[in-house]
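Participant: Have a look at this one.
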Amino acid sequence: MLRVDEVLRRDGVADDLRSVINHTLIGCKEIAHKLSQGELAGILGSTETENVQGETQKKLDVISNEVLKHVLSQDPGVRGIASEEEDNTVAINDDGKYLVTFDPLDGSSNIDVNLSVGTIFSILQAQQPGSGDDMALFLQSGRNQVAAGYVLYGPSAILVLTTGKGVNFFTLDRHIGEFVLTKEQVKIPEDTKEFAINMSNQRFWEKPMQDYIAHCLQGEEGPLGKRYNMRWVASMVAEVHRILVRGGIFMYPWDSRDPSKAGKLRLMYEGNPMSFIVEQAGGRSTTGREDIMDIQPEDIHQRVPVVLGSKNEVETVMRYHLQG
């Protein structure tokens, strides 16, 4: 079976970009190992600190962030990094060509109960000279991504990766310590009867989302004419992976609790990389009114509403918003 680097070589990915991807995966393999040890490694529980998002950090949030910072600092091709757990962008090598943004441990509230979590990453090219701690270098639309991926830490550790030539799955073979190709050119079914949303926030949603979910719950008797199943894992990586495997739609829409925040999920290291992956697999990704990857970022921690998954269902949600 082919290893990640062999697939990237086959697909004509530049040597320096392959190096950045491979360094990122070194960090992910270390995170996977620490997760497999659980409480034996003393990684469970929370710290006494909050990140820039105002969220209490889990111990493994901090550990995962430091692991990725360390391995990426070893790659001369990395100019700078940005992380959910860092207040500001971080300079690595001023001669580097690439910028890496990441959520080191998505779904970390699941750690203590031994449910799936993941690492999300996005890679951009620096478009002009400047230090890697210059946030302006990072503020590019998602269309500029040269690679994006995530690692799902579940019963097996699975890498999902795109460099703009489709989406491939790789599984971590712990005997050889490498991710090996297990599924090529993954495609999301265009239609679905499965949705994922946090229903506890329903009263805060805009009317178009309220109406769409109400119609889903009406099943065959409603205007959508089909019976839906609902899923919710509280880990974006797990939600998106399920969609890539069998279709579905994932939504974290705008809500009214804090009008100054457009949504819960972050554009640069959650919305954009997941949108790139989903679109490369034939799906669709939107805020409800515009494609996520077309948004011009204004801040590295900018939030955005997210609706992504099976193409036809996402377009149905968009019709509700554009007509509402």
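The values are calculated or read from the model by the stated rules, or taken from the named source; none is laboratory data. Everything quoted here is computed from the prediction, not taken from an experiment. Every residue, glycine among them, receives a Cβ derived from its backbone with ideal geometry; neighbour counts consider all protein chains shown.
Participant: For region 1-37, how many residues meet the condition of being over 24 Å from ASP61 (Cα atoms) and of a type in the set (A, V, I, L, M)?
Facilitator: 8
Participant: Follow-up question, since we're still on this one. Just to confirm my filter: which strands (runs of 3 or more DSSP E) fall fully inside region 82-178 and include at least 3 residues that are of a type in the set (A, V, I, L, M)? It would help to see each step written out before you state the result.
Facilitator: Working: elements: 98-106, 117-125, 147-153, 157-162, 167-173.
Counting at least 3 such residues, we get 98-106, 117-125, 147-153, 157-162.
Participant: Then there is this: Can you tell me which residue among GLU239, GLU270 is acidic (Asp, Glu), touching a helix residue (DSSP H, G or I) at 6+ places or on another chain (Cβ under 8 Å) and either outside any strand (DSSP E or B) or outside the structural domain of PHE169 (by TED's automatic domain parsing) (or both)?
Facilitator: The conditions single out GLU270.
Participant: Which residue out of ASP15, ASP11, ASP103, ASP87 is buried (at least 19 other Cβ atoms within 10 Å of the Cβ) and either modelled with pLDDT under 95 or in the same structural domain as PHE169 (by TED's automatic domain parsing) (or both)?
Facilitator: Values: ASP15 fails: buried (at least 19 other Cβ atoms within 10 Å of the Cβ); ASP11 fails: buried (at least 19 other Cβ atoms within 10 Å of the Cβ); ASP87 fails: buried (at least 19 other Cβ atoms within 10 Å of the Cβ).
None of the other options fit; the residue is ASP103.
Participant: Return the residues of region 1-31 that are among the hydrophobic types (A, V, I, L, M, F, W, C), outside any helix (DSSP H, G or I) and more than 16 Å from GLN125 (Cα to Cα); say none if nothing qualifies. Quick ask: steps written out before the conclusion?
Facilitator: Step one: filter region 1-31 for residues among the hydrophobic types (A, V, I, L, M, F, W, C), giving 1-2, 4, 7-8, 13-14, 17, 20-21, 25-26, 28, 31.
Now drop any that are not outside any helix (DSSP H, G or I), which leaves 1-2, 13-14.
Matches in region 1-31: MET1, LEU2.
Participant: Pick out the one residue from LYS187, LYS183 that is surrounded by fewer than 15 Cβ atoms within 10 Å (Cβ to Cβ) and closer than 30 Å to HIS215 by Cα. So that I can check it myself, show each step before the final result.
Facilitator: Working: LYS183 fails: closer than 30 Å to HIS215 by Cα.
It is LYS187.
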